[in-house]
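Q: Have a look at this one.
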Ligand code: CA
């Protein structure tokens with residue numbers, strides 16, 4: 001219901017609202033038009049009511065059992081944040097089968113005088129364990145909430161069981177991280193919004209990237225009843241397969257290091273030194289030589305992603321192979337072969353694809369002034385200058401062992417490399433899909449967000465905006481686009497009506513790289529949900545235009561399968577001179 005209509009209706013007494021609420025099914029747990037007939041209480045009344053929210057009586061009436069409302073604090077306005085009520089709580093405090101204490105923590109912030117009528121949940125990252133607190137959206141008027149996903153990295157952190165992965169020993173903590181926390185926190189958050197403002201949120205939004213993007217996807221699939229709109233950035237559709245691909249690349253690059261005689265002082269193969277920063281700049285330039293002009297404009301960006309195939313890139317890689325000794329201006333034959341193998345995707349000994357191949361794109365390297373692009377390499381290789389191996393994929397090896405493998409394998413944090421190097425791609429991946437009596441749900445079943453039938457979300461009027469970097473080295477954009485194509489086919493070829501995918505060429509995982517990687521999709525999502533204005537493009541700017549040797553660059557991001565095209569005249573750093581075709 002439009003607010004303009006709501007404001008024209010007579011204001012109902014709270015007691016009448018409570019009566020309506022009692023009649024409505026799921027009141028407080030889902031958006032409900034009948035609630036929009038009331039105005040929220042005055043700011044002064046909300047400020048007075050805030051401390052009283054930390055109430056055991058109120059907690060007992062919430063839709064999720066064992067919810068504890070710990071503290072409610074009226075937070076004074078600052079230069080950046082309006083006055084609001086901060087409510088911290090937790091759900092289902094318990095002792096896991098590993099003897100550790102767990103709970104699903106949450107933090108809710110509700111503006112007293114500036115509420116825009118909307119509920120906003122911010123997504124997490126990695127394997128969560130940190131309390132998400134999207135406070136910047138409070139300044140935009142949203143009531144915001146975030147959770148830690150059901151475990152606490154400072155408390156649930158056993159080095160002998162993978163450190164922050166150690167919650168994977170406990171099956172309930174696995175399920176809470178996979179989906180339960182976001183479900184229960186949404187229910188509790190909406191009920192508390194209703195209690196505070198005497199009405200349900202008019203609209204609800206979930207925005208996240210990476211694991212947070214996976215959570216946003218959950219809200220279109222497992223829980224389509226909760227959110228009107230989601231932004232799913234670089235979404236992890238197959239979360240156990242990301243670390244699996246990392247085990248594969250770790251084996252490849254460790255092999256390259258050993259064959260190249262590259263070892264760290266601690267004796268480990270120097271995965272981070274298998275490609276120098278200038279080496280990766282050579283690869284970027286090879287990709288550009290193959291693919292930059294395919295979109296009609298040589299500008300350091302590969303907009304015609306689909307045409308940038310291995311068949312086009314391979315000859316350009318061969319062209320930079322050293323004829324003699326390795327120098328900064330060429331790659332060894334082994335470096336080129338190993339990189340090609342890595343991009344082809346993780347396979348078992350039969351050659352069966354275990355996850356996905358990877359997109360050749362120009363964000364693999366880059367030079368911004370005198371600073372090399374750190375983003376792409378951070379996942380597969382780690383930083384060149386590091387004295388120890390620090391690839392992010394290596395740090396996720398324990399996640400694969402403890403969180404995703406069933407039954408869990410308690411791998412010590414210090415054994416990440418040896419676990420990676422000894423992982424058997426013929427015998428182990430099946431354990432991501434299997435169950436036991438103690439672990440009755442496989443992690444694939446709990447965590448995958450690759451459903452094709454999104455009818456329930458579409459039919460509630462739900463809208464989703466997806467984005468992903470073409471040079472995402474955490475999650476393969478090819479995997480995500482294959483899902484989108486299959487979902488589109490399942491939805492009768494009409495996915496554009498409710499789900500649009502914006503490719504960001506050159507961008508690494510969620511941000512970074514030689515790319516127009518700076519944008520906020522929420523305002524356009526809100527317009528799509530509330531006004532029916534579909535996003536035909538998203539204007540983005542480069543955080544580091546120095547990669548392109550310019551002071552600024554803007555571009556439209558286009559809804560797939562459309563691509564960005566130069567109109568043929570005007571400044572190539574101005575989005576106004578590009579269209580979506
Ligand atoms: Ca181009």
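Q: For the stretch 358-392 and the stretch 85-137, what is the centre-to-centre distance using only Cα atoms, to the nearest Å?
A: 32
Q: Show that you can apply the helix-only estimate: for the chain, add -39,500 (n - 2.57) for every DSSP H stretch of four or more residues, divide by all residues, and state [θ] at 222 nm to the nearest 500.
A: Working: 18 runs with 168 residues, N = 581.
Computed ellipticity for the chain at 222 nm equals -8500 deg cm²/dmol.
Q: What is the log10 of I(q)/I(0) for the chain, computed with the Debye formula using one identical point scatterer on each Cα and no solvent, at q = 0.07, 0.08, 0.09 Å⁻¹?
A: Values, matching the q order: -0.44, -0.58, -0.73.
Q: I would also like to ask the following. If R₀ is 45 angstrom, what is the calculated FRET efficiency for the pair residue 327 and residue 574, using the beta carbon separation as r and rounding to 0.05? The partial results should precede the final answer.
A: Values: r = 38 Å, r/R0 = 0.86.
The formula returns an efficiency of 0.70 here.
Q: Now a separate question. How would the stretch 540-580 be classified by its alpha-carbon gyration tensor: rounded, prolate or oblate, with rounded meaning a/c under 1.5 and the a/b versus b/c comparison settling the rest?
A: Numbers: a/c = 2.68, a/b = 1.45, b/c = 1.85.
Verdict is oblate for the stretch 540-580.
Q: Can you tell me the 0 to 90 degree angle between the C-alpha axis of helix 277-291 and the longest principal axis of the chain, rounded to 10?
A: Relative to the chain, helix 277-291 is tipped by roughly 90 degrees.
Q: When ranked by the protection proxy of mean other Cβ atoms within 10 Å per residue, highest first, what sequence do the peptides 227-235, 364-372 form? Before the final figure, lay out each step's value.
A: Numbers: 227-235: 27.7, 364-372: 18.8.
Order by mean packing, descending: 227-235, 364-372.
Q: Okay, next question. What is the diffusion coefficient of the stretch 242-423 in µm²/s, taking the Kirkwood radius over Cα pairs and the Stokes-Einstein relation at 10 °C with a viscosity of 1.306 mPa s? Could the numbers behind the result be given before it?
A: Values: Rh = 17.2 Å.
So the translational diffusion coefficient is about 93 µm²/s.
Q: If you average the C-alpha positions of the stretch 443-516 and of the stretch 245-320 separately, how far apart do those two centres end up, in angstrom?
A: About 25 Å separates the Cα centre of the stretch 443-516 from the one of the stretch 245-320.
Q: Give me the extension gain from residue 534 to residue 436: residue separation times 0.36 nm, minus the current Cα-Cα distance, reported in nm with one decimal.
A: On the way: separation 98, 0.36 × 98 = 35.28 nm, distance 4.54 nm.
Answer, rounded to one decimal: 30.7 nm.
Q: If the viscosity is 0.692 mPa s and the temperature 37 °C, what translational diffusion coefficient in µm²/s does Stokes-Einstein give for the stretch 352-503 when Rh comes from Kirkwood over Cα pairs?
A: Details: Rh = 18.3 Å.
Stokes-Einstein gives a translational diffusion coefficient of 179 µm²/s.
Q: Report, in whole Å, the centroid distance computed from the Cα atoms of the stretch 534-581 and the stretch 170-207.
A: Taking the Cα centre of each part, the stretch 534-581 and the stretch 170-207 sit 36 Å apart.
Q: Place a label point 7 angstrom from the Cα of residue 418 along the Cα-to-Cβ direction, then list the residues of the stretch 154-179 whose backbone nitrogen is under 17 Å away.
A: Once the point is set 7 Å along Cα→Cβ of residue 418, 159-163 turn out to lie under 17 Å by backbone N, inside the stretch 154-179.
Q: A further question on this structure: Round to the nearest 10 and give me the degree value, 0 to 90, for the angle of helix 14-23's Cα axis relative to the longest principal axis of the chain.
A: Approximately 60 degrees, to the nearest 10.
Q: Got the relative contact order for the stretch 540-580 handy, in percent, Cα pairs under 8 Å and 6 or more residues apart? Intermediate results must be reported in sequence, preceding the final value.
A: Working: 60 pairs, mean separation 14.3, N = 41.
Relative contact order for the stretch 540-580 comes out at 35 percent.
Q: Further, regarding this structure: Using only alpha carbon pairs under 8 Å that are at least six residues apart, calculate the relative contact order of the chain and give it in whole percent. Please list the in-between numbers first.
A: Details: 1318 pairs, mean separation 72.5, N = 581.
Relative contact order comes out at 12 percent.
Q: Taking the Cα atoms only, what angle lies between the long axis of helix 181-197 and the longest principal axis of the chain, rounded to 10 degrees?
A: With rounding to tens, the tilt is 40 degrees.
Q: Taking 8 Å as the Cα distance limit and 6 or more residues as the minimum spacing, I'd like the relative contact order of the stretch 242-423 as a percentage. If you can, show how the numbers build up before the last one.
A: Details: 275 pairs, mean separation 52.1, N = 182.
Worked out over the stretch 242-423, it gives 29 percent.
Values quoted throughout were computed directly from the atomic coordinates according to the rules given, and no laboratory measurement underlies them. Computed from a predicted model, the values in this text were never measured in an experiment. Note: ideal-geometry Cβ built from the backbone for every residue, glycine included; neighbour counts use all protein chains shown.
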